[in-house]
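What follows is a single structure, written as structure tokens, with notes after it.
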Amino acid sequence: MNKQEIINNLENTKSFIADCLSKAKREGIAQVEIYAAYHTGMDISLEKNDLNTSTFSEETNYGIRVIENHCQGFVTTNDKASIYDSILDARSLAKTQNTPDEAMELPETSPQIHEIDGLYHEDIDSLDIEDLVSVVSQILNWRKEKYPKISIDSGDVSFGKGYKLIANTKGLMVSELRASVSAGYMGMAIDGEDIGSFDYDSAIGRNMDSFQKSLTHSLEDFGSKCMGALKAQTIKGFKGNILIPPDSVFSFLGDLLSSLTATQIRKKRSKFGDMLNKEVTSPLLSIYEDPHIPCFQGSSAFDREGVSTKEKEIIQKGVLKTFFYNHFEARKAGLDRSNGSALGGSSSVPYCGPGQLQVMPGTSSLSELLNTKTKTILVNRFSGSSNSSSGDFSGSVKGGQLLENGNKYPIKETIITGNIYNILKQIVAVSHERKLLYSSSQVPWILIEGVDITGTDEG
């Protein structure tokens, strides 16, 4: 199906859904929301350095939400003809609820929905299985010719396109076409009995040109990380610096960001409820959300409820500037509208959280951070557990490096522990270079001091 055929499909679906919503209103069902998600695409998987299987998929999923007497019922179906029956099912579910909440209602039409450029390039329409096979061959040849010691255990190359459509009985109806091509791969370097740490990387683009650029950078990063993990040695523990590369930054920011959802604040599961406009991290850290960047993977003109998204500062020079609200949480907090932070898809009810985040660059050069004379652990990947309420975390450094006096040494069996909310106040440098992750977030390298690092070398 090409772009025009997808547009025709979308227009037919709009008309059908509008008829279902009108019928529901005539039958006295005042609040109905329908989320239609159409996707078609092709995927080729990789396994053990070889092409594995190919699959073609095409599906439209409908998520139907009915609010009755301030209670919510939700069902899904992939049968267009059964949408109205699903509305009745969702209404029955809502009627069986016995915990009404006056804040539970559907949002009104958003005043401004601006189309975002570059979310669907017609280039994608010309792709077929031969193009995907060509990309797979490119990846396998890259491994064979440049990094034969790397084993690609699994991966996939795919393209997909479609639309999302959200409509409700309050007159809201918004839609957006999307298409992309992507690749991902997981593996490790093996040299005799020396097996390096497992790693992964991915590439994604809205058209083949942007995808190929992303693929070139991604494969080089993947190869460098895998090969750099060979000959790893244990180290002695110490209290000192960790350098977090862009790929790992959100592993450390995850608990902070999840604690900023209005749901966590309302349920008093977050320690940031009374911290708006107060300093919560080092002033070197600034994070903002920009859902309107052309061609970016995470860009969207509207959120899960059809409310217009907006740029917003999250952390500005260490100061907390906002929380993430969907419509329900905004009403619970006494606000007129949400700030466009409803998340989820057609298979779930809306929840709230961050969208397409950007981390502002600092003033330090990456070369300066990598060639430090101070003993520093480069945390290539973090694997561990944490408690978002307390902020306590503990986990292993995967594929890490010890940086010291301008040299770097691969390490293993190294653990870092601490409290994420405390160490985010101990950021001492942020690089001015940033890396684009998943064609969605620009993220710098971040240096943190005073972290507890445990090694197993007792010599």
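The values are calculated or read from the model by the stated rules, or taken from the named source; none is laboratory data. This is a predicted model, so every value here is computed, not measured. A quick note on method: Cβ atoms are made from the backbone with ideal geometry, for glycine too, and the neighbour counts reach across all protein chains shown. Surface areas here come from the heavy atoms of the whole protein model, side chains and all, with no ligands, DNA or RNA. Shrake-Rupley method; radii C 1.70, N 1.55, O 1.52, S 1.80 Å.
Quick look at the values:
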read-out: Conditions (1) farther than 30 Å from K310 by Cβ; (2) assigned to a helix (DSSP H, G or I); (3) touching a residue at least 40 places away in the same chain (Cβ under 8 Å); number of the one not met by D85; value: (3)
read-out: Residue within the stretch 232-243 that is basic (K, R), in contact (Cβ under 8 Å) with a residue 12 or more places away in the chain and assigned to a helix (DSSP H, G or I) present; value: no
read-out: Number of positions in the stretch 113-143 that are more than 20 Å from G155 (Cβ to Cβ) and surrounded by fewer than 16 Cβ atoms within 10 Å (Cβ to Cβ); value: 6
read-out: In the stretch 334-347, residue most open to solvent (accessible area, probe 1.4 Å) [restricted to those that are over 19 Å from S175 (Cβ atoms) and not hydrophobic (A, V, I, L, M, F, W, C)]; value: D336
read-out: Residue match in the stretch 202-223 (condition: closer than 30 Å to Y421 by Cα, assigned to a loop (DSSP other than H, G, I, E, B) and open to solvent by 30 Å² or more (accessible area, probe 1.4 Å)); value: no
read-out: Breaking point among (1) in contact with a Ser or Thr (Cβ under 8 Å, 6 or more places away or on another chain); (2) under 18 Å from V249 (Cα atoms); (3) in contact (Cβ under 8 Å) with a residue 40 or more places away in the chain; (4) not polar (S, T, N, Q), for D457; value: (2)
read-out: Selection from the stretch 1-49 of residues that are among the hydroxyl-bearing types (S, T, Y) and surrounded by fewer than 21 Cβ atoms within 10 Å (Cβ to Cβ); value: S15, S22, T40, S45
read-out: Leading residue by the ranking (nearest to G391 (Cα to Cα)) among those in the stretch 236-269 that are in contact with a Ser or Thr (Cβ under 7 Å, 6 or more places away or on another chain) and open to solvent by 20 Å² or more (accessible area, probe 1.4 Å); value: D255
read-out: Check on A333, over 24 Å from S440 (Cα atoms), touching a Lys or Arg at 6+ places or on another chain (Cβ under 9 Å) and of a type outside the set (V, I, T); value: yes
read-out: Exclusive hit being surrounded by 15 or more Cβ atoms within 10 Å (Cβ to Cβ), touching an Asp or Glu at 6+ places or on another chain (Cβ under 7 Å), among the hydrophobic types (A, V, I, L, M, F, W, C) and under 21 Å from F222 (Cα atoms), set L402, L366, L378; value: L366
read-out: Lone unmet requirement of (1) within 27 Å of Y421 (Cα to Cα); (2) in contact with a Lys or Arg (Cβ under 7 Å, 6 or more places away or on another chain); (3) open to solvent by less than 60 Å² (accessible area, probe 1.4 Å) for Y288; value: (3)
